[in-house]
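Working notes for the structure below.
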Amino acid sequence: MGKEKSQNSSVSLKKQIIYIVVFIALIAITMYVIVSRNDDLTLAGFIKYAMGMDIPWLIAGIGCVFLFILFEGLSIRYIVGKLGYKCGFYNSYVYSAADIYFSALTPSATGGQPASAYYMVKDKIPMSVTTITLVLNIMQYTLSIVVIAGMCFAMRPEYFFEFDKWSRFLIILGIVFQLGFALLFACVIFFPNIIKKIGVFFVNILAKIHLVKNREKKLSDLDKMIEDYRRCAQILKDTPIIIMVSFIFNVLQRVSIICVTYCVYRASGQTVSSFFDIIIMQGYVLIGSNSLPVPGAVGIADYLFLDGFKSLMADPVHAELMSRGLSFYICIIGCGAITLIHHAINVVRENKTVKEGS
């Protein structure tokens with residue numbers, strides 16, 4: 001039953017194609033805007049910029065992308081282990097890659113967790129354990145962004161005013177959304193009955209105006225969700241160290257992808273701005289990137305980067321293309337390849353088992 005539920009929750013092929021088309025369109029529009037607004041930006045110029053980069057620092061940037069995927073996998077592996085089930089390093093890396101890949105393609109990152117859940121259940125991890133693991137992990141993801149936002153404002157508040165009004169609005173919106181999500185998670189865990197009453201109220205209203213067709217199913221899904229969060233609350237009370245360790249892994253994951261920008265900065269031969277200057281400015285970009293439900297924050301992250309780093313980098317346009325290319329596009333391609341290969345291996349194994357059984 002749980003396995004079937006997980007399979008039904010995974011992103012369908014038709015939706016994947018639609019998401020990829022929309023994703024590519026957003027990239028094309030973003031690149032067009034960047035090129036059209038920068039007369040000096042040419043393909044030959046970017047190639048020259050890339051060829052002149054310091055290789056060790058470039059490799060370090062790629063290593064940070066690897067760590068970005070790894071730390072989420074380690075968080076998932078740790079939580080699953082604490083819940084009494086084995087999870088290998090390879091498998092946890094696949095769960096992380098699937099989450100990152102589908103999160104980037106789908107609005108509000110809605111496809112990431114169902115994709116991870118699909119492969120976790122395939123590996124014989126019970127659906128209840130899978131759900132609790134992913135809920136706990138997304139909580140720590142949200143909290144880590146809130147903490148990074150606090151650190152940015154505490155250490156370099158003046159950098160916030162380096163951004164224009166639109167960028168500042170996105171950064172504030174990102175903080176509001178993440179704080180809202182964090183409070184929502186806390187309320188659902190510690191005050192489930194109140195959240196249930198609110199949920200039932202809205203489902204009933206939406207059903208009356210015919211925006212919800214299957215009222216009973218929605219209420220049943222709400223009951224299941226509340227029960228999952230009840231179990232999470234009990235786990236947190238019994239073993240609070242889970243929160244601490246998974247939070248550390250999530251913070252390290254955020255920091256590792258932020259560090260890609262510093263590696264690109266150093267690879268380009270620049271040394272004027274300090275490590276903390278670059279990291280904190282990229283932290284602001286990260287916060288603002290989580291403000292709107294755009295797949296992969298395409299366009300938003302690019303705009304914020306170009307706006308924020310104009311005062312810290314000699315060539316922010318080329319740096320943005322290289323940094324974003326590593327931290328996002330190469331990362332997504334790599335995660336997609338890992339997910340595809342793992343899926344192909346599973347299909348081959350299943351076909352082999354069927355043949356042997358017959």
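The values are calculated or read from the model by the stated rules, or taken from the named source; none is laboratory data. Since the structure is predicted, the reported quantities are computational estimates derived from the model, not experimental observations. FYI the Cβ positions are ideal-geometry reconstructions off the backbone, even for glycines, and counts take in every protein chain you see.
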| Entirely in the range 238-311, the helices (runs of 4 or more DSSP H) that have 2 or more residues that are in contact (Cβ under 8 Å) with a residue 12 or more places away in the chain, of a type in the set (Val, Ile, Thr) and touching a Cys at 6+ places or on another chain (Cβ under 8 Å) | 241-267, 275-289
| message | So Ser311 passes all but one of these: (1) modelled with pLDDT of 90 or more; (2) surrounded by fewer than 24 Cβ atoms within 10 Å (Cβ to Cβ); (3) over 30 Å from Gln113 (Cβ atoms). Which condition number does it fail? | response | (1)
| field | Test result for Ile248, loosely packed, with under 15 Cβ neighbours inside 10 Å and either modelled with pLDDT of 90 or more or hydrophobic (A, V, I, L, M, F, W, C) (or both) | value | no
| task | Give the residues of the range 208-220 that are assigned to a helix (DSSP H, G or I) and at pLDDT below 80, sorted by residue number. | result | none
| query | When you go through (1) surrounded by 15 or more Cβ atoms within 10 Å (Cβ to Cβ); (2) out of contact with any Leu (no Cβ under 7 Å at 6 or more places or on another chain); (3) of a type in the set (D, E, K, R); (4) over 30 Å from Val347 (Cβ atoms) one by one for Asp164, which number turns out not to apply? | reply | (1)
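One line per residue, one yes/no per condition, for (1) touching a helix residue (DSSP H, G or I) at 6+ places or on another chain (Cβ under 6 Å); (2) among the polar types (S, T, N, Q):
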| site | (1), (2) |
| --- | --- |
| Ser96 | yes, yes |
| Tyr101 | yes, no |
| Ile125 | no, no |
| Val129 | no, no |
| Tyr141 | yes, no |
| Glu162 | yes, no |
| Ser167 | yes, yes |
| message | Of the residues Tyr265, Tyr284, only one is hydroxyl-bearing (Ser, Thr, Tyr), at pLDDT 90 or above and within 29 Å of Ile76 (Cα to Cα); which? | response | Tyr284
